[in-house]
Structure formats: C-alpha cells, structure tokens
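For reference, the structure discussed in these notes is given below.
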Amino acid sequence: MPPRWPRIPTRQDPEYRKLDDRMNFAMHVAIFAATNSGMWFFHNFLKTTWEWLPLVTLTWFGVLLAHLIYITVLADYSDTPPKST
C-alpha cells in the first residue's frame, strides 16, 4: 500500500514542497541514468563515433548536480505567507 499524505497536498505546504522537489529530482536522476546508459551502450555496441556524447553526459550531470545543490542547500521550505487578494 502506498504511503498517504495526511492532509490535502498543496504547494503552500512546506513539507509537501520539499517532498515534491525531491521526487522531481529522483525522476531527473532516473531519466538521466536511463538515457545516458542507453546512449553509451549503443556508442560502445555499435562502435559509433559520437564525439558529442561525453559533452552531453557531463553537461547533463552538471545540471543534475546543480539541481541537487538547489534542493539541499538553496531551496527555502519555510512557510509561505498567504497571498493577499
């Protein structure tokens, strides 16, 4: 049985924002791993000459690292004040 959120999830809830950001990061890591492992497999298996592949992998890894730094260090998960109408 999947875990249940104890209240209605909204982006104003700091705990929910933190969980949502971490789940987005996990999805980013999964897409990075699947795509890059596939590209490197075909690069090695087909003996292609993809000179751009290391640059793509390192750039994407850099973006992934920046995403990790943002959600662990820079993101502010304090309570957001209610917006005035």
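A short reminder: the numbers here are calculations on the coordinates, not readings from a lab. All of these numbers come straight from a predicted model, not from anything done at the bench. Cβ placement follows ideal geometry from the backbone for every residue including glycine, while neighbour counts extend to all protein chains displayed.
With one equal scatterer per alpha carbon and no solvent term, the Debye-computed log10 I(q)/I(0) for the chain at 0.15 1/Å reads -0.72. If exposed means no more than 14 neighbouring beta carbons inside 10 Å and the site is in a DSSP loop, what's the longest run of the chain without any exposed chymotrypsin sites (Phe, Trp or Tyr not before Pro)? In the chain, the maximal stretch lacking such sites is 1-49. Against the main long axis of the alpha-carbon atoms of the chain, helix 14-45 sits at an angle near 10°. Summed over qualifying helices (DSSP H, 4 residues or more, each -39500 (n - 2.57)) and divided by its residue number, the chain shows a 222 nm mean residue ellipticity of -20500 deg cm²/dmol. Counting only alpha carbon atoms, the long axis of helix 53-69 and the longest principal axis of the chain meet at about 20°.
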